[in-house]
Structures are given as C-alpha cells and as structure tokens.
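The values are calculated or read from the model by the stated rules, or taken from the named source; none is laboratory data. Note that the structure is predicted; figures quoted are calculated from it, not measured. In this analysis, Cβ positions are derived from the backbone assuming ideal geometry, glycine residues included, and neighbour counts consider all displayed protein chains.
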Amino acid sequence: MRLPPENSVAIPMMRRAVELGINYFETSITYCQNRSEIQLGLALKGMRDDVYVSTKSHIHREGERGFRGISERDSTGEDVKSNLEESLHKLGTDRVDFYQFHGFTLENLPVAMAEDGPLDALKAAKDKGLIGHIGFTSHDTPANIIKILDTGEFESMTVYYNLLQMERRGRGELEKLVSAIEHARKLGVGVIVMGPLGGGILGTPIEKLRDLIPSTSNQVELAFRYLLSIPGVTTPISGMTRMSDVEENARIASEYEPLSTDELARIEAIIGRYSSLLARFCTGCGYCQPCPSGVRIPEIFNLVNFYRVYEVGDWARQGYEQLQSSRFHGSADLCIECGACEEKCPQKISIRDELKKAHTLLTKAS
Ligand code: SF4
Ligand code: SF4
C-alpha cells in the first residue's frame, strides 16, 4: 500500500525483504493507483515460490458508497471472479495464496454468501487451485468480526490493531479486539494485523510514551513486540516506503522476544489511561455513519483525539490530508449541516460545530 512509485526503488526493497526472511506480501487490486500488484509481480520474479502472496477486492451492497461511487447493485460472483483474474494477470502468477474480501463487514455478509455469489466464486477458484485460502480484512467491531468468523467460511482475517488501540469502545460498550483474535485462534484462522504502527503515529517518537520504552530499544520495536506477544497473531504487516524500513522491521522480527507479563501489565496501565482520555470525546462507535455527504466523522474525530491526547499534530494533519485526497474523500468540509448524525450520537456531540473546529485544527499550518 505504501510502495514508492519508482520500480527502481520499490523492487529492490521487496527483493531485499525476501532475502531477510519476510515471506508474506499483501497487496490489493487498487493499492498505489492500481500499480501495487504489478510492482509486486515484477519483484517476485524467480522468487514466487519462496513467499505467500495475498491480494483482495471489495464487495458492496446496493446503495453502499464504494471506491467507484455509490454501488447500483450487490456485488456478484462474476465481479469477484473478474477481479481475481485481473489480480492474477497483474501479479504475473497462476495463483495467490490468500484472497480476501477487502474492508468486509457483517452487513456485507449476506451479499458474500448469496447463492452463486462472491463466496461461491472464490470457493470455485480455490477448487481450481487459483487461491490457497479465503479470508477477509475488516474494520468492523470485534463482536461483528466474531460473527463473521463463526460462519466457518474463512481461513484468515486481517484486522487493524496496534499498541494504541489496546482498548476500543464500540456500540456503547468496551470491546477488545483481542477477544476476536483469540476467537480466531481457537478456530484455527490465521490472523494478520494491519496498522501495527497506527498509520505511522508510532513511527515518530511520542514524548508521552517515553515511559514505555525502557524494556526495548525504541517505540517501533515496542509496537511490534506488543503485537507479536498476543497469542493468535500470526503476522503483523507493515507498509514500508524505504529500504531502511525493511531492514529495521526484519531486524526487530529476527531479534524478537515476547514481552513479559509484568511488561504487558505496565503497558496496559499506561495506554489504558490515555485510552480513557481518548474516549471522553468521540468513542468511535460509528452510530453517526453513514453520512449522506460521505463525511467520515469517526476517523476525523479520531485524528483530533490523537492530536490532543498524544500531541501529534504533524501526524494528524497528514492523516487529514489523506482523507481529503483519497478515493473516499470524507473530510469535514463536505458537511451540508443536515444534522442527521447528531440525532444518532450517543455522546450528544455537536458534530456540526466540532467538524468545523476539526477542519480548522487539521488544516492549520504547523
Ligand atoms: S450534519 Fe454533516 S456530517 Fe452530519 S450527517 Fe449531515 S452532512 Fe453528514
Ligand atoms: S461522533 Fe458520536 S456517533 Fe459518531 S463515532 Fe463519535 S461518538 Fe459515535
């Protein structure tokens, strides 16, 4: 997802990663303006059998906002089959080891499981040897992820989790994603964790987290050690943009030692204090979504939260810039002030006013 555009930079990075023992490469039909799969295919020439390749595509419900706008109909088995063929072609391979529904939700489960629908298409592809394992990636609540897992249809899941997300509030109750990871482990489902560095926030030193460091050499190492210490996490995936990221991540994984119970308890206590500060404003429950104008309220307020609590202004501004420029847009200035979201917010947040403040805060020069 974060590959540099120049093949002369990206390809040596990936080949060096294989040399260092990194053996799981995750891409998507859409990453890097559709070029990520092509670059990965070029990089793996002669090395394809040394690694696992994972790719993915979205499925949508009729009326759902997707990366090509509002969907006019539910996704079909033919859509998924055609996406898979395109991915295999771009990757220059005859099979992928993992194929995942991208950004999957419990709401989309009926679409996936429709007769002769997307899941049936993937099972047929698996029978033909085009896919090794069927999985999903998701930002849904832990409770919903557990329901998806309980269908027994999936062999891998990719979820967003990191040190700073130790506790997530969702749907009004405190939920731990770790419970969904544990559930997956019991079912024998492989768990891949995306966002180990919180979209880059843990890649820059945070003064308030200095107390966490003594047992390890730096914040990045701590973030990876934390994830690798969770039973059930099969592998973290990290978007890398520079050769030094590849070298550093491989070093950390090679020298990895699990955190002790005492270390984990200390970290949980410190992060827990900050988590409760984060939840005082917007809890990220998502009740206010979807917004008719596509404003991504929970993500915007999440940036504001982290800006205030961890004092990471540059990171928050960059995140907002991405929100303004991404396919899904979703920045605060799209708000038409209809007020629909405020009726649904359990925290009684004056969302319209807070969005204006957020836009000013996140667009001001540093
Ligand atoms: S008030 Fe703004 S953010 Fe809220 S639902 Fe309406 S357009 Fe979306
Ligand atoms: S603004 Fe309110 S409804 Fe929306 S995510 Fe935050 S707390 Fe939940």
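Given the residues Arg352, Arg296, which is the only one that is within 20 Å of Ile70 (Cα to Cα) and within 15 Å of ligand 1 (Cβ to nearest atom)?
Working: Arg352 fails: within 20 Å of Ile70 (Cα to Cα).
Among Arg352, Arg296, only Arg296 is within 20 Å of Ile70 (Cα to Cα) and within 15 Å of ligand 1 (Cβ to nearest atom).
All but one of (1) assigned by TED's automatic domain parsing to the domain that holds Thr235; (2) closer than 22 Å to Arg296 by Cβ; (3) touching a residue at least 60 places away in the same chain (Cβ under 8 Å) hold for Tyr24; which doesn't?
(2)
Just wondering, is there one or more residues in the range 258-281 that are within 23 Å of Asp353 (Cα to Cα), β-branched (Val, Ile, Thr) and either touching a Gly at 6+ places or on another chain (Cβ under 6 Å) or more than 15 Å from ligand 2 (Cβ to nearest atom) (or both)?
No, every residue in the range 258-281 fails to be within 23 Å of Asp353 (Cα to Cα), β-branched (Val, Ile, Thr) and either touching a Gly at 6+ places or on another chain (Cβ under 6 Å) or more than 15 Å from ligand 2 (Cβ to nearest atom) (or both).
Write out, first by first residue and then by second, each pair whose Cβ atoms fall under 6 Å of each other, whose residues are 6+ apart or on separate chains, and whose first residue, in the range 278-291, is touching a residue at least 40 places away in the same chain (Cβ under 8 Å) and in the same structural domain as Val309 (by TED's automatic domain parsing) while the second is within 12 Å of ligand 1 (Cβ to nearest atom) and of a type in the set (D, E, K, R).
Correct list of pairs: Tyr287/Lys344; Cys288/Lys344.
Which number in (1) within 14 Å of ligand 2 (Cβ to nearest atom); (2) within 23 Å of Met1 (Cβ to Cβ) marks the one condition that Asn305 misses?
(2)
Which residues, taken from the range 254-288, are assigned to a loop (DSSP other than H, G, I, E, B) and exposed (fewer than 15 other Cβ atoms within 10 Å of the Cβ)?
Residues of the range 254-288 assigned to a loop (DSSP other than H, G, I, E, B): 255-260, 279-288.
Glu255, Tyr256, Glu257, Pro258, Ser260, Arg280 - these are the residues of the range 254-288 that are assigned to a loop (DSSP other than H, G, I, E, B) and exposed (fewer than 15 other Cβ atoms within 10 Å of the Cβ).
Restricting the search to the range 207-226, which residues are in contact (Cβ under 8 Å) with a residue 24 or more places away in the chain and surrounded by fewer than 17 Cβ atoms within 10 Å (Cβ to Cβ)?
If the condition is that a residue be in contact (Cβ under 8 Å) with a residue 24 or more places away in the chain and surrounded by fewer than 17 Cβ atoms within 10 Å (Cβ to Cβ), then Glu207, Lys208, Asp211, Ser215 are the ones that fit.
What pairs come out if I take residues in the range 344-363 that are hydroxyl-bearing (Ser, Thr, Tyr) and pair them with residues that are more than 10 Å from ligand 1 (Cβ to nearest atom) whose C-beta lies under 8 Å away, six or more apart or interchain?
Thr363/Arg317; Thr363/Tyr320
Of all residues in the range 289-298 being surrounded by fewer than 23 Cβ atoms within 10 Å (Cβ to Cβ) and within 9 Å of ligand 2 (Cβ to nearest atom), which is modelled with the lowest pLDDT? Give the steps one after another, and end with the answer.
Here is the first cut: in the range 289-298, the residues surrounded by fewer than 23 Cβ atoms within 10 Å (Cβ to Cβ) are 289-294, 296, 298.
Next cut, within 9 Å of ligand 2 (Cβ to nearest atom) only: 289, 298.
Numbers: Gln289: 85, Pro298: 90.
Looking at the filtered set, the residue picked out is Gln289.
So, in the range 311-366, of the ones that are within 14 Å of ligand 2 (Cβ to nearest atom), surrounded by 14 or more Cβ atoms within 10 Å (Cβ to Cβ) and assigned to a loop (DSSP other than H, G, I, E, B), which residue ends up nearest to the chain's Cα centre (by Cα)?
In this case the residue turns out to be Gly330.
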